[in-house]
Each structure stands twice: as C-alpha cells, then as structure tokens.
Amino acid sequence: MRQPPGFESARFPDRVYKLRKALYGLKQAPRDWYARLKSFLLKSRFVMGSADKTLFLLSRGGNTLIVQIYVGDIIFGGSSHALVSSFTEQMSREFEMSLMGELQFFLGLQSKQGLEGTFIHQAKYTRDILKKFNMGDSKPMTTPKLQTWRLMLMKMGRRTSHRQAVKHIFRYPKFTPELDLWYSSDSSLSLRGFLDADHAGCRIDHKSTSGTCQLLGISLVSWSSRNVALSTTEAEYIVAASCCSQLLWMKATLSDFGLRFSRIPLLVDSTSAISIAKNPVLHSRTKHIDVRFLFLRNHYEKGDIDLFRVVSANQLADIFTKPLEFDAFMHLR
C-alpha cells in the first residue's frame, strides 16, 4: 500500500490513511448509503416494504408516494403532484442529489409513459450491442432457438457451432428491436403463474428445461428459464415450487399497497405434478421431491395458491422451455 498521489505526507511517508467514511465506489459504500437513506426515510414516516426492503411507501391525506431504491438511484412517483414535489425538495435539502425528471432510462431499460399505461423496452441497448459486435446488418431471425442459446451458455468454446449460436442470439433482437413490455393502467390486479418443463430437452446433458412466468393482470412481471432435474413429473413439480415462491413474494410486495389475494392460480399442463401437490400421501418415488419442495403442498393446503391444468397450446411458459414453430411462438408471445 502507498499514499494516494497528491496526498503524500513528507512527515510520515511510510504511513497510510485510515478511512473514516465510506467513499463512493468502494464495496462498503452501497451498504452505508442504504443505511443512511433508510434511516432518513423511516424518520420521515415512510414504511418499508415487507418483502422488498428497497421499497418505501408514504401515505398522506389519502395519497400515496412510492420510492424504489437501487444503489445510488431512486425512482419515485405518487398520486399527488404536491406530494411528489414535497419529496423532491426534502431530498434535495438532505442530500446532494439531482432530479433527472420523468423516468425514461433506468438500468438499460427505456420507459415511455402515457395515460393508458407504460411501455418498457431496450431498443437503444439492442442497437448499441448490435453495432458493437458488427451485427447491425445481420439477417434477422423471427424466433429464438432456445436450444442454441443453451448450447452457447453451457459449453462456450471456439467451435463453429458455438459461434453460430452467438450469432443467432443477436439475429433475433435484430428482428425485434422495438418490441415492448406493455403495462396497462386498465389491467386487473390479479396474480397468475404459468409453468412448464421440457423433459430431457437439453442436447448437452439431457436435463429437463423449466420455464415460468408470472403476470399481474395482463402484464408480464417476471420469468425464468433453467435446467432442472430428472423425470417430467419431477421437473414440473420443482418448477411449480419455484413459480409458487415467486408469486408469494409478489403477493407480499403487493400487500404493502393494500392489495389482497386469496388463492393464486398456477397453470400447469401436467396432471401428475398437480396430483402430487394435492395428494398428502407419500410413496417411495415422490418422497425425495416432497422433502425438498414440501412448501408447495403446504401453501396449497393453506389456500395461498391453487393448481389448474391448462392445454399446452395456451401454456405461456412453453415459450421459455423449447424452440417453437413460428405460429406457436407468435401466438404465445
């Protein structure tokens, strides 16, 4: 270690400085900044989210202010212009902060707000990444081939097949640079989860591939695609537990806004996975599943979730598990 340039001490050249305050950019800075900001917001009568500890809410005079923190960035909005302006002035007095105006860019996402709802997209990021790797003039692909994606992610190397896989990843966004996620202001506030598994679909290790997606009304909120365990039933049951966990987290977060949900529907296209979740009787072939994912059945019995069968043609999570024909892909998308 040595003293930083411009701050060398002629009297103590062999000593170093002891840090008394977290500096921006150091590893402990985000934690200290969050603790400082949290303390200030709680003193200002904000309420911390029960599930999301970076979410803060303030209710005053029938109006609500919502504050979401991400390290040094804060997104906030409310049902009253006066409440929003008051918060802006309050934060500017307490901290050295800059008001960036209406949310348009955040963490690589672009936002376009209107009275009917909000669009979220990554058009600029898509164009920039295509330009960076000289793929701006590449031939577009109308559908992503998930098997090709996984081949690249799992066995990255210098083979021709891997290079083609990477190119395919770029060619699908080239076809859909302006594709948006749409969050309608008229959407009903109901939670649903879709889940599916493709048995032994991975070409590398022959594992099953699971997919889940969670919706608030008609709006897609979260999704996942990953490799999971052995049999079709086990894969479906495990992904049902994962989907259940995500929905319960969303339920807890939305409860902070005064929204209440009883039995959240999980839509599955496997009757055997549904039977395991609803059947309290164990046998040797399902005991290991039950030990690891017992909470799925518990939450079904408590009335937090319910399981329904959906035909594969309408299984939204199918899009996250396997390559689909163009018509089926466009229907689900």
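The values are calculated or read from the model by the stated rules, or taken from the named source; none is laboratory data. Treat the numbers as computed from the prediction; the structure is a model and nothing was measured. Virtual Cβ from ideal backbone geometry, glycine too; neighbours counted across all protein chains shown. To get the accessible areas, we keep the full protein, side chains included, count just its heavy atoms, and leave off ligands, DNA and RNA. Shrake-Rupley method; radii C 1.70, N 1.55, O 1.52, S 1.80 Å.
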### Query
Between [x] 188; [y] 167; [z] 225, which matches volume of the Cα convex hull per residue in Å³ calculated for the structure shown?
[z]
### Query
Tell me, what is the percent relative contact order of the chain, built from C-alpha pairs under 8 Å that lie six or more residues apart?
12 percent
### Message
Tell me the accessible surface of VAL47 in square angstrom (1.4 angstrom probe, heavy atoms of protein chains only), to the nearest ten.
### Response
90 Å²
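If you roll a 1.4 Å probe over the heavy atoms of the protein chains, what accessible area per residue do you get for the chain, in Å²? Mind showing how you got there, number by number?
Values: 20950 Å² over 333 residues.
Spelled out: the 1.4 Å probe surface of the chain, per residue, equals 63 Å².
Report relative contact order for the range 10-141 in percent, whole number only (criteria: Cα-Cα under 8 Å, sequence separation at least 6).
Numbers: 103 pairs, mean separation 11.8, N = 132.
Relative contact order, the range 10-141: 9 percent.
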### Message
If I ignore ligands, DNA and RNA and count only protein heavy atoms, how much of LYS21 is accessible to a 1.4 Å probe, in Å² to the nearest 10?
### Response
150 Å²
#### Entry: Rounded percent of accessible protein surface that carbon and sulfur make up, the chain, 1.4 Å probe
55 percent
#### Entry: Positive minus negative residues near GLN110 (Lys, Arg vs Asp, Glu; Cβ under 10 Å)
+1
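Within a Cβ distance under 9 Å of THR126, other residues only, what is the Lys/Arg minus Asp/Glu net charge?
Values: positive: LYS124, ARG127, LYS174; negative: ASP128, GLU178.
Once all neighbours under 9 Å are counted, the net charge is +1.
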### Query
Between PHE95 and MET1, what length comes free when the chain is fully extended (0.36 nm per residue of separation minus the Cα-Cα distance, one decimal in nm)?
30.6 nm
### Query
For labels at SER44 and SER275 in the simple 7 Å Cα→Cβ model, what's the distance in nm?
5.7 nm
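Let me know the longest stretch in the chain that avoids all chymotrypsin sites (Phe, Trp or Tyr not before Pro) found in a DSSP loop with at most 15 other C-beta atoms within 10 Å.
On the way: sites that count: PHE7, TYR17, TYR24, PHE95, PHE133, PHE257.
In short, 134-256.
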### Task
Could you work out which residue, out of MET250, MET97, MET135, moves most in a Gaussian network model of the chain, that is, has the largest mean-square fluctuation with Cα springs under 10 Å?
MET97
### Query
Which of GLY101, GLY78, GLY211 moves the most in a Gaussian network model of the chain with Cα springs under 10 Å?
GLY101
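Excluding ASP196 itself, calculate the net charge of residues whose Cβ lies under 11 Å from the Cβ of ASP196, where each Lys or Arg counts +1 and each Asp or Glu counts -1.
On the way: positive: LYS322; negative: ASP198, GLU236, ASP269, ASP318.
Taking every Cβ under 11 Å from that of ASP196, the sum is -3.
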### Extension gain from HIS162 to GLN104, taking 0.36 nm per residue of separation minus the Cα-Cα distance
17.3 nm
### Message
I want to verify a result. In a Gaussian network model of the chain, Cα cutoff 10 Å, which of these has the top mean-square fluctuation: LYS53, LYS167, LYS18?
### Response
LYS18
### Task
Scan the chain and hand back the longest stretch that contains none of the GluC sites (Glu not before Pro) lying in DSSP loops with at most 16 other Cβ atoms within 10 Å.
179-324
